[in-house]
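What follows is a set of notes on a single structure, which appears directly below.
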Amino acid sequence: MDDKIRRIEGEISARGLRVGIVAARFNDFITDRLVDAAVGTLLEHGAEPADLVTVHVPGAFEIPVTVQKMAESKRHDAIVALGCVIRGATPHFDYVAGEASRGLADVCRKYELALGFGILTCDTLEQAIERAGSKAGNKGADAALTAIRMASVLRQLDT
């Protein structure tokens with residue numbers, strides 16, 4: 001690559017970042033593990049406990065409006081959205097997962113928000129467990145890293 005080309009890819013440092021975490025209470029035996037991993041990752045990468053806030057909402061459907069309210073406040077440099085929707089025998093899964101995803105995408109575009117998307121959409125409980133800290137790693141940690149990196153990318157784009 002040419003040395004004269006500016007490259008922006010984001011740094012993985014949470015030092016000085018104010019981060020909100022919005023977590024669904026529904027399936028909390030999974031989401032609690034996602035929250036723990038997200039907080040641990042943020043702290044490990046330099047965030048201060050006083051710069052973190054966790055907000056718990058009833059379910060994944062309620063996450064977008066909460067993230068929007070937090071984005072409007074401009075008190076957060078990044079937000080991590082965590083939840084777990086497990087497919088059942090009815091179309092409820094499709095509505096909840098789809099609206100949560102669409103709602104968060106809309107908020108990100110409107111507010112130019114650094115967001116870590118950590119809403120699990122799984123067919124089975126076993127898949128959710130795998131993504132909350134066993135075989136597939138922990139998607140809460142992954143979402144926190146994404147939020148950190150995106151906050152850095154957006155800041156660099158402003159300069």
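Computed with the Debye formula from one identical point scatterer per Cα of the chain, without solvent, the log10 of I(q)/I(0) at q = 0.18, 0.19, 0.20 Å⁻¹ comes to -1.03, -1.12, -1.22.
Among the trypsin sites (Lys or Arg not before Pro) within the stretch 1-46, those in coil by DSSP and having at most 10 neighbouring Cβ atoms inside 10 Å are Lys4, Arg6, Arg7. Going down the list Lys110/Lys139; Lys4/Lys74; Lys74/Lys135, which pairs span over 28 Å between their C-alpha atoms? Going by Cα-Cα distance, Lys4/Lys74; Lys74/Lys135 fall outside the 28 Å limit. For the stretch 1-92, the list of GluC sites (Glu not before Pro) that fall in a loop by DSSP and count at most 10 other C-beta atoms within 10 angstrom reads Glu9. Calculate the length of the line joining the C-alpha centroid of the stretch 27-68 to that of the stretch 96-159, in whole Å. Going from one Cα centre to the other spans 11 Å. Expressed to the nearest 5 percent, the antiparallel share of DSSP beta bridges inside the chain is 5 percent.
In the neighborhood of Phe93, defined by Cβ-to-Cβ distances under 13 Å, what is the net charge if each Lys or Arg adds +1 and each Asp or Glu adds -1?
Cβ neighbours under 13 Å give a net charge of -2.
Once the other residues with Cβ under 14 Å from the Cβ of Thr159 are scored (Lys, Arg +1; Asp, Glu -1), what is the net sum? Its environment carries a net charge of +1. Amide hydrogen proximity for Ala114: with H placed 1.01 Å from N in the peptide plane, the residues at 5 or more positions away or on another chain lying under 5 Å are Ile79. Across the options Ile30, Ser13, Gly40, the greatest Cα extent toward the positive end of the charge dipole of the stretch 6-47 (unit charges at beta carbon of Lys, Arg, Asp, Glu) belongs to Ser13.
No lab work stands behind these numbers, since they all come straight from the coordinates. Here the structure is a predicted model, which is why all the values come from computation and not from measurement. Cβ sites come from the backbone with ideal geometry, for glycine too, and all protein chains shown count toward neighbours.
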